[in-house]
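Single-structure report; data block below.
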Amino acid sequence: MTRPSIRPSASYWIEKLELTAHVEGGAFREVYRSELTVPKAALPLFFQGSRNASTSIYFLLSQGQFSAFHRIASDELWHFYYGDPLYVYEIGHNGRLCTHVLGSNPEKGETFQAVVKAGSWFASAPAPGSEYALVGCTVAPGFDFADFELANAGTLSTQYPDHADLIRQFTR
């Protein structure tokens, strides 16, 4: 006999994974920071100092939450873990919008992993009608708030007028 499964809630994952509020929106916890560091001299000029080789976080967005448009100096690899699909909106250097759909249903175009290129502006939100999405992000060279820039809606909309509505929707 098969027992009905009860899907864990977002609050379950927040408690079990010890997630806390994230400045971009949602909840997170850093789970890995490489002890290996890359010296500033070995990094591109836009890095202001040495960086850990890699970092990794858990990240959860619930219905009605979003991660605001921001950019970092490193590539960011997103991993889908549990819940509903997550949309990651990436505006590349050429102004082209790419919508990555993280999830567990390849028949609907969902993928378990997606990469946001260094310097691209990006935001994320659970798919419409979703309860939550639990994902992870791996950054290499590792994340440092010195490399983080939160978007200004007016400035970014002026730079990318074709995406102004999306930018206004996902900025604070």
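The values are calculated or read from the model by the stated rules, or taken from the named source; none is laboratory data. Here the structure is a predicted model, which means the values were calculated and not measured. FYI the Cβ positions are ideal-geometry reconstructions off the backbone, even for glycines, and counts take in every protein chain you see.
Looking at this structure, is Asp144 over 16 Å from Val88 (Cβ atoms) and either of a type outside the set (D, E, K, R) or buried (at least 16 other Cβ atoms within 10 Å of the Cβ) (or both)?
It is true that Asp144 is over 16 Å from Val88 (Cβ atoms) and either of a type outside the set (D, E, K, R) or buried (at least 16 other Cβ atoms within 10 Å of the Cβ) (or both).
Going through (1) of a type outside the set (Ser, Thr, Tyr); (2) within 12 Å of the chain's Cα centre (by Cα); (3) closer than 18 Å to Tyr32 by Cβ one by one, Asp144 falls short only on (2). Select from the range 86-142 the residues that are in a strand (DSSP E or B), in contact with a Lys or Arg (Cβ under 9 Å, 6 or more places away or on another chain) and free of Cβ contacts under 8 Å to residues at least 40 places away in the same chain and write down the one among them that is nearest to Asn52 (Cα to Cα). Only one residue tops the list, namely Glu90. Taking (1) at pLDDT 95 or above; (2) closer than 20 Å to Ala73 by Cα; (3) not small (Gly, Ala, Ser) in turn, Asp165 satisfies each apart from (2).
Is there a residue being free of Cβ contacts under 8 Å to residues at least 40 places away in the same chain and not in a helix (DSSP H, G or I) anywhere in the range 158-171? No, the range 158-171 has no match at all. Scanning the range 49-85 for residues that are in contact (Cβ under 8 Å) with a residue 60 or more places away in the chain, buried (at least 16 other Cβ atoms within 10 Å of the Cβ) and of a type in the set (Asp, Glu) yields a single hit, Glu76. The test for being at pLDDT 95 or above, farther than 25 Å from Glu131 by Cα and part of a strand (DSSP E or B) holds for Tyr32. Leu134 meets each of the listed conditions (1) over 14 Å from Leu61 (Cβ atoms); (2) out of contact with any Pro (no Cβ under 8 Å at 6 or more places or on another chain) apart from (1).
Would you please name the residue that is nearest to the chain's Cα centre (by Cα), looking only at residues in the range 31-48 that are surrounded by 12 or more Cβ atoms within 10 Å (Cβ to Cβ) and not aromatic (Phe, Trp, Tyr)? Of everything passing the filter in the range 31-48, Val31 is nearest to the chain's Cα centre (by Cα).
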